[in-house]
Amino acid sequence: MKYIVCEKPQEFLIKEKPMPEPKEGEVLLKIRRIGVCGTDIHAFGGTQPYFEYPRILGHELAAEYIKGNAKGFEPGDKVTFIPYFSCGTCVACRNGLTNCCANIKVFGVHIDGGMAEYVTIPEQYLLHGQGLDYDELALVEPLAIAAHGVRRAAVKATDTVLVMGAGPIGLGLIQFAKIAGAKVIVMDINEYRLNFCKEALQADETINPLNDDVAAKLAELTNGDMANVVIDATGNQKVMNSAFNYISHGGRFVLVGLQKGELSFSHPDFHKRESTLMSSRNATIEDFEYVMKCLKEGKIDPKKYITHRAGFEDMISEFGKWIDPKNNTIKAIIELN
């Protein structure tokens with residue numbers, strides 16, 4: 001079978017190896033769709049934390065069930081799976097927080113992932129397709145990341161949410177905050193994405209830091225209150241550090257984006273607001289199930305997300321175009337027959 005490996009930063013290679021055979025407790029899947037995500041882009045660019053090369057990327061996956069002994073699954077079934085393999089015994093796992101397992105192995109990050117024609121995975125992570133098509137199933141994982149971030153922030157209808165970064169995860173954050181009934185303000189430097197957020201996702205307001213004084217604009221839009229919830233999806237250190245100035249009194253700041261450096265902020269300013277700072281990592285089975293429910297109910301339209309496609313062997317030549325901002329990529333999908 002063929003697979004694509006990120007041999008080192010800025011280099012993808014297509015190679016061949018024998019098709020894997022599932023071991024006891026594993027299933028064999030034929031990959032049908034691969035979503036390209038921020039982690040893949042950072043890995044290709046050499047800026048992804050906790051990463052080693054060479055690595056087969058890919059963890060936003062839709063697949064066909066080929067064989068195994070997973071209860072309730074038949075060959076030919078459309079499936080996806082939770083790509084965060086947890087140890088089951090650490091303090092996080094014992095408390096049901098498998099998404100932040102102390103020994104986690106994320107498929108396509110810590111271990112080789114799904115940019116391959118076939119993969120084997122432990123059967124306990126497998127999820128029924130529930131009538132969703134392959135395109136929809138490839139969006140479940142990134143949307144689950146966003147759903148988890150919004151759940152961490154405990155977003156409610158009375159909140160004003162500032163989403164920083166209108167990439168694929170940011171778009172999901174916008175949608176789930178809107179589903180929760182909140183007012184949503186989006187910040188990004190890409191005017192095309194900001195317009196997309198207003199027109200396609202019904203974001204209430206947008207801020208472009210290239211044109212606006214963010215704090216002043218946010219104060220104007222909130223009658224001086226600032227944002228009850230600030231969620232970062234940029235993974236940019238400067239943006240994250242600046243965002244402490246955007247939190248309302250009693251507000252929450254949730255870090256979904258990840259960067260390699262340190263955060264710094266004024267303790268007195270943070271303290272006087274009784275602010276809450278938290279990170280949001282991966283997602284849980286509850287988030288995956290909620291996303292699939294929203295897709296089935298039509299609360300999220302996958303057609304609004306997928307803007308670029310390529311076949312498996314064309315992916316290498318297309319990847320550079322997808323990450324070029326002038327090409328206005330929202331979500332790129334790799335298709336396999």
Assuming 0.36 nm per residue, please report the length gained on full extension of the stretch T47 to R309 beyond their Cα-Cα distance.
91.9 nm
Can you pull the accessible area of S242 for me, 1.4 Å probe, Å² to the nearest 10?
40 Å²
Whichever lysines have a C-alpha closer than 26 Å to that of K23, once near sequence neighbours (fewer than 8 apart) are set aside
K2, K15, K67, K71, K78, K105
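If you put +1 on each Lys and Arg Cβ and -1 on each Asp and Glu Cβ, how big is the dipole of segment 138-247 around its Cα centre, in Debye rounded to 20? All intermediate terms of the calculation are to be shown ahead of the outcome.
Details: 9 positive and 12 negative charges, 70 e Å.
Using only the charged Cβ atoms, the result is roughly 340 debye.
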Return one whole number: the accessible area per residue of the chain in Å², for a 1.4 Å probe.
45 Å²
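I need the helices of the chain that pass two filters: whole DSSP H segments spanning 27 Å or more by Cα along the axis, and mean Kyte-Doolittle score no lower than -1.0.
Numbers: long enough: 134-152 (28 Å, 0.29).
Passing helices, by number: 134-152.
Apply the a/c threshold of 1.5 to the C-alpha gyration tensor of segment 32-176 and tell me whether it is rounded, prolate or oblate. The partial results should precede the final answer.
Working: a/c = 1.38, a/b = 1.29, b/c = 1.07.
Rounded is the answer for segment 32-176, as its axis ratio a/c remains below 1.5.
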Could you tell me which of rounded, prolate or oblate describes segment 146-279, using a ≥ b ≥ c as the square roots of the eigenvalues of the alpha-carbon gyration tensor, with rounded for a/c under 1.5 and, failing that, prolate when a/b is larger than b/c and oblate otherwise?
rounded
If ligands, DNA and RNA are left out, what is the accessible area of R281 with a 1.4 Å probe, given in Å² to the nearest 10?
90 Å²
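Ordering Y53, Y134, Y65 from largest to smallest accessible area (1.4 angstrom probe), what's the sequence? Write out the running numbers ahead of the final one.
Details: Y53 75, Y134 35, Y65 5 Å².
Ranked list, largest accessible area first: Y53, Y134, Y65.
The values are calculated or read from the model by the stated rules, or taken from the named source; none is laboratory data. These numbers were taken from a predicted model, which means no experiment stands behind them. Quick reminder, even Gly has a Cβ in these numbers, built from the backbone with ideal geometry, and neighbours come from all protein chains shown. Please note that ligands, DNA and RNA were not included when accessible areas were found on the heavy atoms of the full protein model with its side chains. Shrake-Rupley method; radii C 1.70, N 1.55, O 1.52, S 1.80 Å.
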